Structure formats: C-alpha cells, structure tokens
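A quick write-up on the structure given underneath.
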Amino acid sequence: MADSKIKIFDAELNKEILVDKIERSNEEWKEILTLEQYEVTVKRGTEKPGTCALLEIKSEGIFKCVRCDTDLFYSKTKFESGTGWPSFFSPISQLNIKTSPDYSAGMVRTEVFCARCDAHLGHIFDDLPETYRSGRAGGPPPTGKRYCINGIALKFIPK
C-alpha cells in the first residue's frame, strides 16, 4: 500500500498536523484488537447499550480512537443522551472524523468513522435542541447534534 498522509487536529499541540493514514487488512486488525473492538470498529457492529464504562466518565480529558490514538472528542462535549452509548455534541475537529450515509437497519443514518484509520465509531444524528430539552435523546446546544459513539471504539485519556 502506498504511503498517504492526512491532516488531523492534535489537541495536545493545539494545531493541525500531517500524519500517516493507517491502512491494515481485516486480518491484521483481528490480530491487534480484542474480539469486541474488532466487531465494532471493523465489522461495523454496535455494542450493547448501557454496557460501556465510558458512560460514567465525567472528568476532564480526551476520548481517542482505540485503534490509532487520534483525538476524537473532548470530555466537555460529552452529554447524557439516555441512549446507553457515550454521546457528544461535537468532535474535536471535523478533520479527525469522516462520515458516510448508512442505509442499514431499515433507516437512513450517518455513520461516523475515524479519519486516520477508518474505524467505525458510531452514528451522528441531527437532533434539534428542543428534542434535548424535552428529555428525549437529542443533542444540546450549540450544535443540536448527537454523536452516538460505541464506547468500545474509544479510549479515555484524563487530563
């Protein structure tokens, strides 16, 4: 595979940097990841709601990609959505994620991936702030978005 570079935002350096795109075969990922991480990040699975230890994290820090350490979400953007998965209203940078339409499960959703290693992370929903205030799963202001992310695809690094 040819070496390719992408631009991402590094939260520690507080600037955009150029990094190698990480490309591995499914077999290589299977050797590196746990079975659960493989099922979610490679096979585009979903962890059982309410089972992720990251749901309880309320301290300051950064949520990173479990496969490549790319900075994905600041803890200050995490909120309780009531869905059973860690939810965020904004990524660290749009450079660090990519999205694609997802027509599986009998609905139209937007799938979220890590921009550096293509790990399946979860989905983003364009929820209105009124939905959030009403107590239903929705994203809070200022974005009204809900990045509903599989905790198994993340690791938390406290500040």
Practice problem: Please specify each residue of the stretch 82-102 satisfying the condition of being closer than 17 Å to GLY139 by Cα and of a type in the set (A, V, I, L, M, F, W, C). | Solution: TRP85, PHE88, PHE89, ILE92
Exercise. Could you please let me know if GLU27 is on the phi < 0 side of the Ramachandran plot, exposed (fewer than 10 other Cβ atoms within 10 Å of the Cβ) and in a helix (DSSP H, G or I)?
Key: yes
Quiz item: How do the pairs read when you match residues in the stretch 18-40 that are more than 16 Å from CYS52 (Cα to Cα) with residues anywhere that are assigned to a loop (DSSP other than H, G, I, E, B), using Cβ under 6 Å and keeping only pairs 6 or more apart or on different chains?
Solution: LYS21/SER4; ILE22/CYS68; ILE22/ARG116; ILE22/CYS117; GLU23/MET1; ASN26/VAL42; TRP29/VAL42
Quiz item: Restricting the search to the stretch 87-121, which residues are within 18 Å of VAL42 (Cα to Cα) and either in a helix (DSSP H, G or I) or hydrophobic (A, V, I, L, M, F, W, C) (or both)?
Solution: ASN96, ILE97, ALA105, VAL112, PHE113, CYS114, ALA115, CYS117, ALA119, LEU121
Quiz prompt | Residues of the stretch 91-116 classified as modelled with pLDDT under 95 and among the small types (Gly, Ala, Ser), total | solution = 3
Practice problem: Pick out the one residue from LYS43, LYS58 that is more than 17 Å from PHE125 (Cβ to Cβ), modelled with pLDDT under 95 and not in a helix (DSSP H, G or I). | Solution: LYS58
Self-check item: Among (1) surrounded by fewer than 18 Cβ atoms within 10 Å (Cβ to Cβ); (2) among the charged types (D, E, K, R); (3) not in a loop (DSSP other than H, G, I, E, B) - the single one LYS64 does not satisfy
Solution: (1)
Quiz item: In the stretch 2-17, what count of residues is obtained for those that are touching a residue at least 12 places away in the same chain (Cβ under 8 Å) and farther than 21 Å from ASP71 by Cβ?
Solution: 1
Quiz item: What number of residues within the stretch 73-132 are under 11 Å from the mean Cα position of the chain (by Cα) and among the aliphatic types (A, V, I, L, M)?
Solution: 7
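The values are calculated or read from the model by the stated rules, or taken from the named source; none is laboratory data. Since the structure is predicted, the reported quantities are computational estimates derived from the model, not experimental observations. Positions of Cβ are generated from backbone atoms using ideal geometry, with glycine treated the same way; all protein chains shown enter the neighbour counts.
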